[in-house]
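Q: Handing you this structure, nothing more for now.
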Amino acid sequence: MNNISFASPAYLWLLLIIPLLVAFYIIRQHKTSPSLTLSSVNRLSDMSGSARTILRHVLFAFRMIIIASLIIIIARPQSTDYWEDVSTEGIDIIMAMDISSSMLARDFKPDRLEAAKNVATEFISGRPHDRMGLVIFSGESFTQCPLTTDHAVLINLMRDMQSGMIEDGTAIGLGLATAVNRIKDSDAKSKVIILLTDGVNNRGEIAPVTAAEIAATMGVRVYTIGVGSRGMAPYPVQTPAGIRYQNMQVEIDEEVLGEIANMTGGNYYRATDNESLNKIYNEIDQLEKSKINVQELSRKREEYMPLALIMASLLLLEMLLRYTVLRKYI
């Protein structure tokens, strides 16, 4: 948005000279008007009504515009581009998500993985000023998206995330360690990992508690979420006829997940359906809400050049008329 302001607005008071000069010019013209009465004005009619006589007054108008332009230029007109620079407390968040085959269990709608993706996407969209990233894990782990403020890219990578992208299993410790490695060098005031899983650590070289100790040392707070209904749930099972869903006991290592959260200053949550999962993310969102301070910054640009060009053009035109066409009448 462009706004015109003046660096030295006090000079604009000089514009009051313009109406005074106009009044003086009118009075002067009136006093210098001939009072001689002639029996015939035929010989003067072409002079008084000619374009040259009109242009004589135009020269005065040019002079007033030139003076006004000069006064405005001295006042230094400037255009100002305003924008808002939103400075946050500085929160970096890595989302570590389990994509093992058990995440396809259908105790959530349409399944655990899709429900987790949908809720996480809303969470990302609601925090436009934070840097966020994504780590996925099952039997192994890798970074799907490093820390970024380009949330459109992050959301697209989140939507592309599918079970089976990497070796199956549940390497909670490895997933957490990868997330910690991604966020440890952050200079943010608050470093957070949201770890979501639906099982028990059964793969990877790093124990979950060991990864939690590293996170605590690095000043990383970890929120852990156990996803799965209580009791039985329909899990996908590979059969010769294809994937079949079979009711199986839900097993989540809540003790380890709780210990990870306690060691790092976070919280552990249990999500048993879509609604509870959504409430968990809302609670984390409130706990890690950015403190936003909006500062209005501006970039000023001098805007005298158009007026200077107008003034120079009128000055040149006045001189041309004064010493050529109107030379005999001034």
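Derivation of every value follows stated rules applied to the coordinates shown; laboratory data play no part. It should be emphasised that the depicted structure is a prediction, and the values quoted were computed from it without experimental measurement. Reconstructed Cβ throughout: ideal geometry from the backbone, glycine too, with neighbour counts over all protein chains shown.
Q: Given the pairs 109/279; 184/279; 109/191, which span a C-alpha to C-alpha distance of over 22 angstrom in this model?
A: 184/279; 109/191
Q: When only C-alpha pairs under 8 Å and at least 6 residues apart count, what is the relative contact order of segment 89-291, in percent?
A: Computed over segment 89-291, the figure is 24 percent.
Q: Could I ask something else about it? Roughly what percent of Cα-Cα pairs across segment 89-291 reach past 31 Å?
A: Everything past 31 Å amounts to 11 percent.
Q: What does the net charge come to around residue 169 if you take all other residues with beta carbon closer than 11 Å to its beta carbon, with K and R at +1 and D and E at -1?
A: Summing Lys and Arg as +1 and Asp and Glu as -1 gives -3.
Q: In sequence order, what are the phi-derived ³J(HN,Hα) couplings for segment 220-235 according to the Karplus relation 6.51 cos²θ - 1.76 cosθ + 1.60 with θ = phi - 60°, rounded to whole Hz, with x for glycine and proline?
A: 9, 8, 10, 9, 10, 10, x, 9, x, 5, 8, x, 9, 8, x, 9
Q: Check which residues have an amide H placed less than 5 Å from residue 193's amide H, if you skip close sequence neighbours.
A: Residues meeting the amide H criterion: 94, 221, 222, 223.
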